[in-house]
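See below for the structure under consideration.
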Amino acid sequence: MENRIAQSLKILTETDKEACETVRLLENEPITNKKRLFIESYGCQMNFADSEIVASVMREAGFATTSDAENADLVFLNTCAIRDNAEQRVRTRLKQLNVYKKKRPGMLIGVLGCMAERLKAKLLEEEKMVDIVTGPDAYRDLPRLVEEAETGQKGVNVFLSREETYADISPVRLNSNGITALISIMRGCDNMCSFCVVPYTRGRERSRDPESILKEAQDLFDNGYKEVTLLGQNVDSYKYANPENKNEIVSFAKLLERVALISPELRVRFSTSHPKDITDEVLYTIKKYDNICKYIHLPAQSGNTRVLEIMNRTYTREWYLERIDSIRRILGDECGISHDMIAGFCTETEEEHQDSLSLLEYVRFDFGYMFSYSERPGTPAAKKFTDDIPADIKQRRLAEIIEVQQRISTERNKKLIGTIQKVLVEGTSKRSDQDFSGRSDQNKVVIFPRENFKKGDYVNVLITDTTSATLRGKAVVEEEIIQLA
Ligand code: SAM
Ligand code: SF4
């Protein structure tokens, strides 16, 4: 593990880490007599974490990562199937890769992840250049599938497991800034939201052994990392029963606490929380530890109870707002909250859309990930309902949601002018190498002159200016803080 972290590769930009569906590339590892592997990841943070598992499995099999797709021996696309446009991007990319493959016929192309799981062997028929198709639970089998493909056979493994958590595999930290890392704490999802393909592409929910999670977090901290994000589709339903004593159960609140106790210098984040499951116990655990970030991503999906019901989200608008009120009561107004929202779900009326807008106004989220509904084949919504909201209306509703959210984000950020935020420095700002970029506790990007600080420092920054997306400021020392107080 130590060596692997020590060999961490290049820096991820802020945009890379934040944006959904951003392509992530691997950087070059030293190559001596090794075959070259190029991985590109699409979609959510879980996929990015999975690519780190894949890199680890393939490293054992004698591959080194490269950032040069054109000259790679093996190209993996770790794909997302959440919306149709995510799949279209992969198909466009496959066509580009085929040009390289024609020049270098020995090149193998593998499609991994959710799109592979959704389409299975059909993908081989539809995209002739693909040699390997592997679902999210079959990454241990990749070396065998690659060997098979090297002999000219196509390799497919889309077996979904009830147990696989890759607990014993030390991820290779890819494109890492050396300061922040992702840790998968569970896999799959049992929730069956009617619009969502994840339960079909990632299988049943299972929680990873807490000891392996704690070891991974401790190893990261020992190697200079200062922040870990615990990942799962629904972290609040994390539950691990000790196989030797089934009554000994570790809940998410307990796990969070144990990770926080590794060191007060290690920041802890988590994602995603589910409104039906987030408990006051979790909120009080966040409150108790300064190093658990006061930031919660709580997808809403809609502000209307009827729509939530046909989405099978299993909560009402009132329930969601009660959870928000509890967050504010326990963690205060300064706790960062973000959301996911879907515009134009089947049968959504104008009034119901207005409920989503009024939910944004009530909650005053710091930011949001907002989408128009994209029907996914095989999901309950695709089977039961008609995708009946015309594309132009979906787009207009989405634009309205984005507009309201951006105004609120700007207002929320403006309120921070004159406050001091504790920022963990992640690296140089994209715009100027004279500035550092880091994140506040509430997950806001903060830019400030670098002075003599270094990556990994916690810096108190006085906020002087903001946009809807970023805060700007200057570092202040303790005496200045006392004067300001
Ligand atoms: N597990 C998380 C949760 O419960 O909200 C989120 C998982 S999903 C990868 C991320 C987001 O994609 C969802 O919160 C939802 O807003 C959006 N999404 C999922 N399926 C979608 C679809 N068919 N059309 C549009 N957006 C979708
Ligand atoms: Fe999809 Fe719902 Fe599971 Fe999130 S909780 S991954 S939206 S099924």
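Specify, per residue and in Å³, the volume enclosed by the convex hull of the alpha carbon atoms belonging to the stretch 308-354.
Hull volume normalised by residue count: 90 Å³.
Can you show me the helix-derived [θ] at 222 nm for the chain, built from DSSP H runs with n ≥ 4 at -39,500 (n - 2.57) apiece and divided by the number of residues, rounded to the nearest 500.
Calculated mean residue ellipticity at 222 nm is -10500 deg cm²/dmol.
Bin by bin, in steps of 5 Å, what percent of the Cα pairs in the stretch 139-249 do you find, going until the bin that has the longest distance?
Bin by bin from 0 Å, the calculated values are 2, 10, 16, 17, 18, 16, 13, 6, 2, 0, 0.
Please list 3J(HN,Hα) in residue order for the stretch 302-312, calculated via the Karplus relation 6.51 cos²θ - 1.76 cosθ + 1.60 where θ = phi - 60°; whole Hz, with x for glycine and proline.
With the stated coefficients, the stretch 302-312 comes to 7, x, 10, 5, 5, 5, 4, 5, 6, 6, 6 Hz.
How big is the antiparallel share of DSSP beta bridges in the stretch 183-321, given as a percent to the nearest 5?
The antiparallel proportion sits near 40 percent.
Ignoring ligands, DNA and RNA, how do Y362, Y238 rank by accessible area with a 1.4 Å probe, largest first?
Y362, Y238
Just for the chain, what percent of DSSP beta bridges are antiparallel, to the closest 5?
Percentage antiparallel, nearest 5: 35.
What fraction of the DSSP beta bridges in the stretch 14-157 is antiparallel, stated in percent and rounded to the nearest 5?
Rounded to the nearest five, the antiparallel share is 10 percent.
Past the 20 Å Cα-Cα mark, which pairs from K422/K454; K288/K454; K103/K128; K246/K288; K226/K294?
K288/K454; K246/K288
How big is the C-alpha Rg of the stretch 419-484 next to the rule-of-thumb value 2.2 N^0.38 Å, as a ratio?
With N residues counted in the stretch 419-484, Rg over 2.2 N^0.38 Å equals 1.00.
Would you mind working out the accessible area per residue for the stretch 419-484, using a 1.4 Å probe, and quoting it in Å²?
Normalised by residue count, the accessible surface of the stretch 419-484 is 52 Å².
As an exercise, use a Förster radius of 51 Å and the Cβ-Cβ distance of A399 and F159 to find the FRET efficiency, rounded to the nearest 0.05.
0.75
Whole percent per 20 Å bin, from 0 to the bin with the longest distance: what is P(r) over all C-alpha pairs of the chain?
Values per bin, smallest distances first: 23, 57, 20, 0.
Go through the stretch 390-402 residue by residue and turn each phi into a ³J(HN,Hα) via Karplus (6.51, -1.76, 1.60, θ = phi - 60°); whole Hz please, and just put x for glycine and proline.
x, 3, 5, 6, 4, 5, 5, 5, 4, 4, 5, 5, 5
Mean 1/r over all different Cα pairs, inverted: what Kirkwood radius does the stretch 39-81 give, in Å?
Here the Kirkwood hydrodynamic radius works out to 10.9 Å.
Given 25 °C and 0.890 mPa s, compute D for the stretch 37-120 with the Stokes-Einstein relation, Rh being the Kirkwood radius over Cα pairs; round to the nearest whole µm²/s.
188
Applying a 10 Å radius around every beta-carbon, put 174-185, 380-391 in order of their mean neighbour count, most first.
Averaged packing, sorted descending, gives the order 174-185, 380-391.
Is there a pair in K120/K276; K120/K384; K287/K415; K215/K455; K154/K215 whose C-alpha atoms are over 27 Å apart, and which pairs would that be?
Cα-Cα > 27 Å for K120/K276; K154/K215; rest within.
Please give the direction-averaged projected area of the C-alpha convex hull for the stretch 180-414, in square nanometres with one decimal.
For the stretch 180-414, the mean projected area of the Cα convex hull comes to 13.5 nm².
Determine, from the Cβ-Cβ distance of S358 and K102 and an R0 of 51 Å, the FRET efficiency 1/(1 + (r/R0)^6), rounded to the nearest 0.05.
My answer for the efficiency is 0.40.
So which GluC sites (Glu not before Pro) in the stretch 256-343 pass both tests, a DSSP loop state and at most 13 other Cβ atoms within 10 Å of the Cβ?
The qualifying sites are E265.
Per residue, how much accessible area does the stretch 14-157 show when a 1.4 Å probe rolls over the protein heavy atoms, in square angstrom?
Counting only protein heavy atoms, the per-residue value for the stretch 14-157 is 38 Å².
Using a 1.4 angstrom probe, figure out how much accessible area the stretch 210-336 has per residue, in square angstrom, rounded to the nearest whole.
Spelled out: the 1.4 Å probe surface of the stretch 210-336, per residue, equals 40 Å².
Would any residue of the stretch 416-431 have its amide N under 15 Å from a label point 7 Å out along Cα→Cβ of E265? List them or say none.
Output list for this probe position: 424-425.
Whose amide H sits under 5 Å from the amide H of H297, counting only residues 5 or more places off or on another chain, with H placed in the peptide plane?
Those qualifying (amide H under 5 Å, at least 5 residues apart or on another chain) are S273, S338.
Calculate what fraction, in whole %, of the accessible area of the chain sits on carbon and sulfur atoms when a 1.4 Å probe is rolled over the protein chains.
51
Tell me which residues come under 5 Å, amide H to amide H, from F270 once H is placed; ignore anything under 5 positions away on its chain.
Those lying under 5 Å, H to H, from F270 are L230.
Which semi-axes, in whole Å and largest first, does the equivalent ellipsoid of the stretch 331-485 have when worked out from the alpha carbon gyration tensor as the square roots of 5 times its eigenvalues?
40, 16, 12
Report the normalised scattering of the stretch 14-157 as log10 I(q)/I(0) at q = 0.16, 0.18, 0.19, 0.21 Å⁻¹, calculated by the Debye formula with identical scatterers on the alpha carbons.
At q = 0.16, 0.18, 0.19, 0.21 Å⁻¹ the computed log10 ratios are -0.77, -1.01, -1.14, -1.44.
The values are calculated or read from the model by the stated rules, or taken from the named source; none is laboratory data. Note that the structure is a prediction, hence the values are computed from the model and not measured. Backbone-built Cβ (ideal geometry, glycine too); neighbour counts: all protein chains shown. Ligands, DNA and RNA are stripped out before the accessible areas are found, and what is left, the full protein with its side chains, is counted by its heavy atoms. Shrake-Rupley method; radii C 1.70, N 1.55, O 1.52, S 1.80 Å.
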